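The structure under discussion appears below in the form of structure tokens.
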Amino acid sequence: MNASENEDGLVPLWGKRSLHRLPFIVIADLVRSRHLLRLLVKRDLNARYRRAYLGYAWAVLEPLLLAMVYTFIFTILVGSSDPLYSVKIVVGIIGWSLFSRSLTTSTKSLSNSINLFQFARVPKTVFATSGTLTNVVLSVISLTSLVPFFIINDLPVSTSLVLVPLWLALISFTGWSIGLLLAPIACKVPDVLNLINFLVRAGFFLSPVMWTYDMFSSRFGEGWHAVVAHLNPTVVPITGMRDAVLGTSSAIPLYGYAMCFSIAVVAYVLGTMVFERKAHAAVVNV
């Protein structure tokens, strides 16, 4: 087989592919690149804690330290007397941190790796996904910070705990999908990155990190406020994580679950379509 025949057999990596099949094509690309993903995640983890004396312990200490600060604020200054408030804060911090990092990492994936994309013949979604998977690993490690609370508060250890990683997976999936949708735009318009950073900071207070679903329901009831609140894709997963850890059941309406999963699916479908169609042109034309 000569060189010309080899060239004819090559399939352009960035060529146009069927639009309606792109969500499935992205999954196939990631499965084929799983070994590269594993290497990139390992590299990111080593780079993050390479010079830190405590290493991965920071993934546990960070939510604990933040929980101490927020618990002090609400207990001393606001007057909250909930003995399990610290646990709720830790769960909220872990969930929100994963969403915000997954969103920002995937949004910045194109603009941060422009030079690499021009030479590496790998799917661009690999680099957006590796950052998200790195954050997932750190979040799973952070879950060990809940162990002291189980001992101190004598919390029940039940099968519902298996839902915690599933809710984390949904949170990271949604953040990653929205990031894919925004990445080509952010590569062409850097102001989008500044907007995302602002929304992440504001979203911390609009998400159930320092407040709970029960607090919101008792204050606003089940009117249009509740519908608007469920547009935040972290409300249901973080509440679900808290219920799984504490063995409780929040009165989340069925439409809340429907909105949560619908946002994740729609974000993924639109995100993969926009990313696959616009990412290469965005990188080449920068």
What is the spin-label model distance, in nm, from LYS42 to VAL189 if the labels are put 7 Å beyond Cα along the C-beta direction?
4.1
Calculated FRET efficiency for the pair SER18/LEU84, C-beta based, R₀ 45 Å, to 0.05
0.35
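Using Cβ counts within 10 Å as a stand-in for footprinting exposure, how do THR239, THR159 rank, fewest first?
Details: THR239 26, THR159 7.
So the residues, fewest neighbours to most, are THR159, THR239.
Subtracting the Cα-Cα distance from 0.36 nm times the residue separation, let me have the gained length for VAL162 to VAL147 in nm, one decimal. Walk me through the numbers before you get to the answer.
Numbers: separation 15, 0.36 × 15 = 5.40 nm, distance 1.48 nm.
Separation in residues times 0.36 nm, less the Cα-Cα distance, equals 3.9 nm.
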Using Cα positions and a limit of under 24 Å, work out the lysines in reach of LYS124, with same-chain residues fewer than 8 apart set aside.
LYS16, LYS42, LYS108, LYS188, LYS278
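Each reported figure results from applying straightforward, stated rules to the coordinates on display, with no laboratory input. Source: prediction; values computed, not measured. Quick reminder, even Gly has a Cβ in these numbers, built from the backbone with ideal geometry, and neighbours come from all protein chains shown.
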